[in-house]
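One structure is given below, encoded as structure tokens.
The values are calculated or read from the model by the stated rules, or taken from the named source; none is laboratory data. Here the structure is a predicted model, which is why all the values come from computation and not from measurement. Cβ atoms come from the backbone with ideal geometry, glycine included; neighbour counts cover every protein chain shown.
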Amino acid sequence: MLTCTALLGQGTGHPFYKFTHFTSQDGLPQNSILAILQDDMGYLWFGTDDGLARFDGYQFTVYKHQFQNPNSLNNNVIRGLVQDKNGYIWISTEGGASTSMTLLPLPFVLCETVN
């Protein structure tokens, strides 16, 4: 994942872009990003082949399927992310199921699964 920050160049008035590259060594569950969302609170969400990651600008929080936990993701392969007008994040997973989750309170709270 790359993040980009625009700064004004010294005295030129032209923007200077700073890129930061993140990998699984920095906390991503996997290096291939399949879906990206910036929610209305500013968090960046990344869907991968091995789970969902939320980036707060400093660190990643990773959410994965937990076999014994019905409130966890139903699959670790995240194909799509979208936030609706009510603040719910909808997660499209491998196999076609969509799950909605609330932003707050964290940790992950499963709201609904649609097949």
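Only one residue in 31, 76 is touching a helix residue (DSSP H, G or I) at 6+ places or on another chain (Cβ under 6 Å) and at pLDDT 85 or above. Which one? Talk me through it step by step, then tell me what you get.
Numbers: 76 fails: touching a helix residue (DSSP H, G or I) at 6+ places or on another chain (Cβ under 6 Å).
Only one candidate passes the filter, namely 31.
Among what's in the range 18-56 and is assigned to a strand (DSSP E or B) and among the charged types (D, E, K, R), pick the residue that is nearest to residue 93 (Cα to Cα).
The qualifying residue nearest to residue 93 (Cα to Cα) is 54.
Tell me the residue from 46, 67 that is at pLDDT 80 or above, hydrophobic (A, V, I, L, M, F, W, C) and out of contact with any strand residue (DSSP E or B) (no Cβ under 8 Å at 6 or more places or on another chain), please. Show your work before the answer.
Working: 46 fails: out of contact with any strand residue (DSSP E or B) (no Cβ under 8 Å at 6 or more places or on another chain).
Among 46, 67, only 67 is at pLDDT 80 or above, hydrophobic (A, V, I, L, M, F, W, C) and out of contact with any strand residue (DSSP E or B) (no Cβ under 8 Å at 6 or more places or on another chain).
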